[in-house]
Structure formats: structure tokens, C-alpha cells
């Protein structure tokens with residue numbers, strides 16, 4: 001298996017941390033809320049046997065900068081991804097996206113289709129029509145008392161455990177790994193800001209652009225997702241717009257499928273990512 005390396009790069013005023021493994025055609029892994037690049041720690045060494053596998057800590061997360069004055073908008077992330085790839089000397093890229101990283105990556109992808117080599121969707125948001133669960137979460141992230149609990153160490157650990165079926169997978173050590181980037185009040189404020197900064201117009205842009213994606217597409221999702229309870233319908237809707245996409249539902253698996261069923265998810269990802277550029 002390929003060795004994971006921890007690296008940092010300066011992009012404008014931001015220091016971005018990322019994990020990298022392997023060589024070959026590049027693939028970028030994007031996490032969601034409230035995780036970071038370590039979400040893909042089981043995946044990178046295996047995918048790195050055939051690809052240059054890169055997992056980025058998005059701004060506001062992990063070991064990357066957490067500016068309080070950033071917009072965390074679609075435009076902000078579009079520019080950031082392009083500048084990050086430029087800093088690494090990458091022209092074309094595969095994308096693997098999860099949770100909040102889904103709309104972030106997809107918005108960039110529909111605007112940069114000529115740079116996309118393949119696309120993988122894990123449990124994620126795609127369309128502007130939001131479920132009650134998403135609306136509840138966004139609302140909670142803006143309520144003075146509740147938002148503090150949501151971003152607290154206890155709240156983050158609870159969110160991770162809520163997002164898996166196999167609770168033992170979120171051990172105290174794993175929970176601490178996701179709590180560690182948010183020890184300061186400023187870092188928690190930045191985290192909360194990321195939760196409600198993406199405009200609905202951006203989701204509409206994604207929905208309208210999906211049918212033009214012609215590269216290989218794979219969708220893999222945990223079907224027992226309590227955070228995105230309608231993820232199965234979301235994947236079906238994407239499949240209607242991208243008929244050549246292959247969809248796999250993993251039973252008894254929750255939202256954080258990389259933690260819930262790491263071996264199965266890694267095998268599925270490695271198989272697709274090695275064959276899509278063969």
C-alpha cells in the first residue's frame with residue numbers, strides 16, 4: 001500500500017493542509033461537516049496504488065486555515081480548488097465527494113468539466129430541495145445556544161456517532177481526532193459559518209449541469225443515513241441525469257460510510273478509481 005504523507009501548501013492568504021498517497025492520475029477527496037482529510041485515512045493507501053490520491057482539509061476544517069472573514073461561498077470554494085490544484089501542478093483531476101464536500105466539489109466540476117476525469121459521489125447533498133433534517137441542522141447552526149452545543153467537543157462526538165450504524169467505529173480516539181481541530185472559540189465559529197454559507201442558486205447550478213457530465217461516475221452510499229435520510233432518492237435523481245453512472249447502496253451503513261464500513265468502501269472506491277483511468 002502507498003504511504004500517506006501529511007503536507008501543507010500556501011494558497012493566497014490560506015494555509016491548506018492535505019494528505020497524499022501514491023502516484024499517477026490525480027484524484028481529490030473532499031470531506032464534509034465536521035470532518036477533515038483523516039476521514040479518508042483508510043482509503044488513501046489503497047487508492048494510492050494506482051492514483052495520486054489527495055485528501056484536502058477544506059478551509060474552516062482540520063489543520064487548514066479557519067478565517068472568520070471568509071465567505072465560504074460557492075465562489076470562494078471554486079477559486080480555492082482551482083488555486084490549490086495550480087499550486088500542486090495538477091491540470092486534470094478525479095473527484096470523490098462527501099457531505100458538504102459534495103456541493104462544493106460538484107459546483108466546481110460543472111464549471112470545469114474539461115478538467116474532470118472521473119467523479120464519485122458518497123452520501124452527499126446535490127439538489128436545492130433540502131430535507132427536513134438538513135433544514136433543521138442549518139437552523140440549529142444559527143441559533144445562539146444550540147450552535148454552541150453543536151460545535152462543542154461533546155456535540156461533535158455526538159454528531160459522528162449519530163452518523164454511523166456501528167457505534168463502536170467511533171471510538172474515543174476517533175472522536176478526539178475530529179474534536180481536535182476545534183479547541184478554540186474562533187475555530188468553532190468558523191466551523192459554524194461553513195454550515196450555512198452555500199446559496200441555493202449554487203445548488204440549482206449543480207442540478208442544471210449534471211446532465212453534461214460525461215466522465216465515468218460512481219455513486220456509493222450508506223442506505224441507513226440519519227443525517228441525510230433521503231440520500232437514496234438523491235442518488236436516484238442524479239442517476240436520471242447521468243444514466244451511465246453506477247450506483248451501489250451499502251445496507252446497515254450510515255452517513256459517515258468511510259468510518260462505518262471502511263473496508264467495503266475502500267474496496268469499492270479502489271476498484272472504480274483504478275479502472276476509470278485504465
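Can residue 30 be described as touching a helix residue (DSSP H, G or I) at 6+ places or on another chain (Cβ under 7 Å), within 29 Å of residue 127 (Cβ to Cβ), at pLDDT 95 or above and surrounded by 24 or more Cβ atoms within 10 Å (Cβ to Cβ)? Even if it seems obvious, please write down each step before you answer.
Details: touching a helix residue (DSSP H, G or I) at 6+ places or on another chain (Cβ under 7 Å): yes; within 29 Å of residue 127 (Cβ to Cβ): yes; at pLDDT 95 or above: yes; surrounded by 24 or more Cβ atoms within 10 Å (Cβ to Cβ): yes.
So residue 30 fits the description; yes.
Please work out which residue is nearest to the chain's Cα centre (by Cα), limiting yourself to region 167-182 and to residues that are part of a helix (DSSP H, G or I) and touching a residue at least 24 places away in the same chain (Cβ under 8 Å). Quick ask: steps written out before the conclusion?
So in region 167-182, the residues part of a helix (DSSP H, G or I) come out as 167-169, 172-182.
Filter once more, keeping what is touching a residue at least 24 places away in the same chain (Cβ under 8 Å): 169, 174, 177-179, 181-182.
Working: 169: 19, 174: 18, 177: 17, 178: 14, 179: 17, 181: 17, 182: 18 Å.
So, considering only residues that are part of a helix (DSSP H, G or I) and touching a residue at least 24 places away in the same chain (Cβ under 8 Å), the one nearest to the chain's Cα centre (by Cα) is 178.
Just checking, which of 14, 88, 44 is touching a residue at least 24 places away in the same chain (Cβ under 8 Å) and within 27 Å of residue 162 (Cβ to Cβ)? Spell out the reasoning first.
Details: 14 fails: within 27 Å of residue 162 (Cβ to Cβ); 88 fails: within 27 Å of residue 162 (Cβ to Cβ).
That would be 44, the only listed residue that is touching a residue at least 24 places away in the same chain (Cβ under 8 Å) and within 27 Å of residue 162 (Cβ to Cβ).
Being over 15 Å from the mean Cα position of the chain (by Cα), part of a loop (DSSP other than H, G, I, E, B) and crowded, with 17+ Cβ neighbours inside 10 Å: is that true of residue 164 here? Break it down stepwise before answering.
Values: over 15 Å from the mean Cα position of the chain (by Cα): yes; part of a loop (DSSP other than H, G, I, E, B): yes; crowded, with 17+ Cβ neighbours inside 10 Å: yes.
Here the answer is yes, as residue 164 does meet what is asked.
Kindly check whether there is at least one residue in region 39-50 that is touching a helix residue (DSSP H, G or I) at 6+ places or on another chain (Cβ under 7 Å), under 22 Å from residue 155 (Cα atoms) and modelled with pLDDT of 95 or more. Break it down into steps so the answer makes sense when it comes.
The first filter runs over region 39-50 and keeps only residues touching a helix residue (DSSP H, G or I) at 6+ places or on another chain (Cβ under 7 Å), leaving 39-40, 42-43, 46-47, 50.
Subset that is under 22 Å from residue 155 (Cα atoms): 39-40.
Checking which are modelled with pLDDT of 95 or more leaves us with 39-40.
Scanning region 39-50 turns up at least one residue that is touching a helix residue (DSSP H, G or I) at 6+ places or on another chain (Cβ under 7 Å), under 22 Å from residue 155 (Cα atoms) and modelled with pLDDT of 95 or more.
If you take the residues of region 184-208 that are more than 28 Å from residue 109 (Cβ to Cβ) and touching a helix residue (DSSP H, G or I) at 6+ places or on another chain (Cβ under 8 Å), which of them is surrounded by the fewest Cβ atoms within 10 Å (Cβ to Cβ)?
In the first step, residues of region 184-208 are kept if they are more than 28 Å from residue 109 (Cβ to Cβ); the result is 184-189.
Add one more test, that the residue is touching a helix residue (DSSP H, G or I) at 6+ places or on another chain (Cβ under 8 Å), and what stays is 187-188.
Values: 187: 17, 188: 22.
Of everything passing the filter in region 184-208, 187 is surrounded by the fewest Cβ atoms within 10 Å (Cβ to Cβ).
Closer than 27 Å to residue 188 by Cα, in contact with a helix residue (DSSP H, G or I) (Cβ under 9 Å, 6 or more places away or on another chain) and without any contact (Cβ under 8 Å) to a residue 40 or more places away in the chain: which single residue out of 75, 63 fits that description? Write out each step before concluding.
Values: 63 fails: without any contact (Cβ under 8 Å) to a residue 40 or more places away in the chain.
Residue meeting the stated conditions: 75.
Quick one: which of 228, 156 is in contact with a helix residue (DSSP H, G or I) (Cβ under 6 Å, 6 or more places away or on another chain), in contact (Cβ under 8 Å) with a residue 24 or more places away in the chain and within 30 Å of residue 65 (Cα to Cα)? Write out each step before concluding.
Numbers: 228 fails: in contact with a helix residue (DSSP H, G or I) (Cβ under 6 Å, 6 or more places away or on another chain).
Criteria check complete, one pass: 156.
The values are calculated or read from the model by the stated rules, or taken from the named source; none is laboratory data. The model shown is predicted, which means the values in this text are computed figures rather than measured ones. Glycine gets a Cβ as well: all are built from the backbone with ideal geometry, and neighbour counts include every protein chain shown.
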